[in-house]
Amino acid sequence: MTKVSLLLISLVFSISVFAESAFNLSFGPVKTGDSRINLSLKDFDIKPITSGVEVKSSFIRGSTQWVRTEQNLLVPRARLAIMVMNQTPNVHILYKGQAIIPENRGDHLYTEIFVDLFGLEDAKVMSGKKELAHIEVSAKKPKAGTKTKLIDYSCSRNGISVQGLDDQYISVGCRMERRGTWHKGRPRLVVTWSTTNYRLRDGTEAPFVSYFNQSGKTETILVDRYGKEIKVSIGAQVPPRLHRMNTALGFGPYFLESSFDNSKNDKWGPAFMIYGKYDFSPTVSARFFDALVYNESIFNNSGLYFAYHLADLLDGKVSIVPLLGFQGLYFKFKDNPNTNNNIIYPQGFEVVWRHAFDIENYMIVYGMFLSTDDKERYTNAWVRWGKKYFWELNFIEWGLGSYKATTWGLSVGIPFLKFL
């Protein structure tokens, strides 16, 4: 089995490990997400208001889902069972602009619909144009000490603050946009939020959107169905620039095993690295690296790669990223004047786990390069942990003819220059 085959198997395995969980979370045309707050259907009241027609409604136990909307907002929904007990002709259920025709079960009509638990819109029981009943869903006041604010991971770098909704559930999602010219990008943060029981004064329902072109806050007045008003403030931090090029430096002790013909040199030595990433878009980039290890022998490995998100799984927390490109390799054994300096073409991938172990902004990255040439041995594998500062455990093995080098060690990475 060739190393290219092993690379493909590793990539497929990495996808399959996460795909099952991700696909099981899917429901219809929506994505489900990790809520990070405990929400029970017992926290909500259902109140059918009728005019002569008997209507019963209740939540389906265990049907709660947190779904991610197109606005990158996590909101809860649950299946609501509706029974219309009278045999009234031409009945349909109207909810969020959709008409649902219920089942005829002989002595009653029955249907189940997903309702937005953070939305105030009522489900209406209609007969033609006449409203027979409507069903109100509202949130109870949370118990003291209950976590009510869901600030999504997409907002983790923006210091989101919420004031004025301490006794209500709220969900906040973020999306960073780039505006301006290609290399003079200015950020615009789109903050979408939704809460229970309240709407704007003109009756507009959640979700609400705020645009931040710089750090600051927005304020508004919300009102519930009984006329009670509340002032709400959303604060956010926005960086002054969005640079396309980001670099980092790495250094640490590495063990270098090197040989040429029958001579060997196995010692610890210093290692120096530089990493770079140029973003074409949030999911497409060009990446480069250079790693130098010295212990009388010199081993230098550099590379330039095109990277793109092949798959995002587990609500975007896990990404599969192929790395397609080439490398330069230089090797000199101690005082021997003979050197190897050539271009090689190993290909690889990374599996990126964001907010690992539910620690905001910390990542675990597993990556691997394998040789595409059976005559030239090359393996490069790494595990990285951290956020701006990170630790990296790296193993590189290379061999061609009588040349051989194997190096491994632990390095620390620190942010360096940002530009463009």
By average Cβ neighbour count within 10 Å, what is the ranking of 283-289, 214-220 from highest down? 283-289, 214-220
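Which entries in LYS332/LYS375; LYS375/LYS418; LYS149/LYS418; LYS124/LYS147 show an alpha-carbon gap greater than 30 Å?
With Cα atoms farther than 30 Å apart: LYS375/LYS418; LYS149/LYS418; LYS124/LYS147.
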Probe of 1.4 angstrom, ligands and nucleic acids ignored: what's the accessible area per residue over the chain, in square angstrom? 51
For the stretch 223-254 the chymotrypsin sites (Phe, Trp or Tyr not before Pro) that pass both the DSSP coil test and the at-most-10 other-Cβ-within-10 Å test are TYR226
Selection from TYR153, THR195, ALA206 lying farthest towards where the dipole of the stretch 109-215 points positive, charges on Cβ: TYR153
Keeping the other protein chains in place, figure out the carbon and sulfur percent of the accessible area of the chain, with a 1.4 Å probe. 56
Using a 7 Å offset from the Cα along the Cα-to-Cβ direction at both MET245 and SER51, what is the distance between the two label points in nm, to one decimal? 6.9
Of all GluC sites (Glu not before Pro) in the stretch 63-127, which ones are in loop regions per DSSP and have a Cβ with at most 12 other Cβ atoms within 10 Å? GLU70
Loop-resident GluC sites (Glu not before Pro) in the stretch 313-420 with no more than 13 other Cβ atoms inside 10 Å, DSSP not H/G/I/E/B, are GLU360
Of [x] 115, 49, 43; [y] 67, 44, 36; [z] 98, 49, 41, which one was derived for Cα extents along the principal axes in Å from the structure shown? [z]
Ranked highest first by average number of other Cβ atoms within 10 Å, how do 274-280, 367-373 line up? 367-373, 274-280
Any idea which of SER138, SER263, ILE82 is furthest toward the positive side of the dipole for the chain, if Lys and Arg beta-carbons carry +1 and Asp and Glu beta-carbons -1? SER138
In degrees, nearest 10, range 0 to 90: what is the angle between the Cα axis of helix 3-25 and the longest Cα principal axis of the chain? 20
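The values are calculated or read from the model by the stated rules, or taken from the named source; none is laboratory data. Please read these numbers as outputs of a predicted model, since none were measured by experiment. Quick reminder, even Gly has a Cβ in these numbers, built from the backbone with ideal geometry, and neighbours come from all protein chains shown. All accessible areas refer to the heavy atoms of the entire protein, side chains included, with ligands and DNA or RNA removed. Shrake-Rupley method; radii C 1.70, N 1.55, O 1.52, S 1.80 Å.
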